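The values are calculated or read from the model by the stated rules, or taken from the named source; none is laboratory data. The structure presented is a predicted model; accordingly, all values stated were derived computationally and were not measured. Cβ atoms come from the backbone with ideal geometry, glycine included; neighbour counts cover every protein chain shown. Each accessible area value is taken on the protein alone, full model and side chains, heavy atoms only, with ligands, DNA and RNA left out. Shrake-Rupley method; radii C 1.70, N 1.55, O 1.52, S 1.80 Å.
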Amino acid sequence: MKAIRVQGTLDSLSTIREYVQAVAAEAGLNERASYRLVLAADEFATNIILHAYQEAGIDGEIEVWVQIDDQTIRVTLEDQGAYFDSSKHDVETPIDEPLETRQPGGWGIYLALNSVDDYVYKRVKDRNRNTFIIHRHPTDSDADEAAVTAK
Amino acid sequence: MEIETQERDGVIVLRLTGSIDSSSAEEVGKTLDQHLAANTSVLINMAEVEFLSSAGLRQLLLTQRKADEVGATIAVSSIQKHIAEVMSVTGFLGFFQTFDTEDDALANLG
């Protein structure tokens, strides 16, 4: 699937989700695995837009591309914003924290990192390159979901 | 994001359609907040919400807190299963009264 390039603004999130949704369909992922992939893409892209671009006062684009093989689906988001490594911002998030004291924000990176199997950050010259990887599991394909449903 | 509002059996029903992400969460929050007042019941029907990011979780939490402050009751119905899973693993699901359908919710809230 061809790479896409979008503006680094929140309005671009739906375009990125649609692209990743199409990637998931092409890879034959079932609904659950597909949702995880789309969620991760949205959360990583949101971090790029808010932190690498908006907070830094930089305008730029996000390029998204994908590599699919028998074992893995790798989605890469690359931007020209300020240095931002999502893995360094993973917060301690006690999920049993009650409503009154629960931190309302900071869940994006938690969700992104917990939706994928691997995450790799690289600073390549003046660019952030975020790659997240889903390993294909036997239960991730449509065929296997159908088989489970049929039981 | 579209938000349809209807009063049913004394409950303000807000039917959300679309995705709740960082670009739409604030708008959703503003609309929800407009309906929060003492002794009112508000039902958020999420049957047509196909995507909810952490920005949406944050907004729902802030709305629930505001409802508690002003003495309003909030419930959420018809959450799609992948969204419910995310809300569950992050511990957010337990903050809300949830119902499988809008009618179930109204039977309990009305």
Can you find even one residue in the stretch A:73-95 that is open to solvent by less than 10 Å² (accessible area, probe 1.4 Å), of a type outside the set (Phe, Trp, Tyr), closer than 23 Å to B:ILE83 by Cα and outside any strand (DSSP E or B)? yes
I need every pair where a residue in the stretch A:100-126 that is free of Cβ contacts under 8 Å to residues at least 40 places away in the same chain and away from chain B (no Cβ under 14 Å) has its Cβ under 8 Å from the Cβ of a residue that is part of a helix (DSSP H, G or I) and not aromatic (Phe, Trp, Tyr), sequence separation at least 6 or different chains. A:TYR119/A:SER86; A:TYR119/A:SER87; A:TYR119/A:ALA112; A:TYR119/A:LEU113; A:TYR121/A:SER86; A:TYR121/A:SER87
Looking only at the stretch B:90-110, decide whether some residue is at pLDDT below 95, surrounded by 15 or more Cβ atoms within 10 Å (Cβ to Cβ), within 13 Å of the chain's Cα centre (by Cα) and assigned to a helix (DSSP H, G or I). yes
Starting from residues that are in a strand (DSSP E or B) and either touching a Lys or Arg at 6+ places or on another chain (Cβ under 7 Å) or acidic (Asp, Glu) (or both), keep the ones in the stretch A:54-70 and report whichever is most open to solvent (accessible area, probe 1.4 Å). A:GLN67
Members of the stretch A:122-151 found to be at pLDDT 80 or above, out of contact with any strand residue (DSSP E or B) (no Cβ under 6 Å at 6 or more places or on another chain) and part of a strand (DSSP E or B), listed by number: A:ARG123, A:VAL124
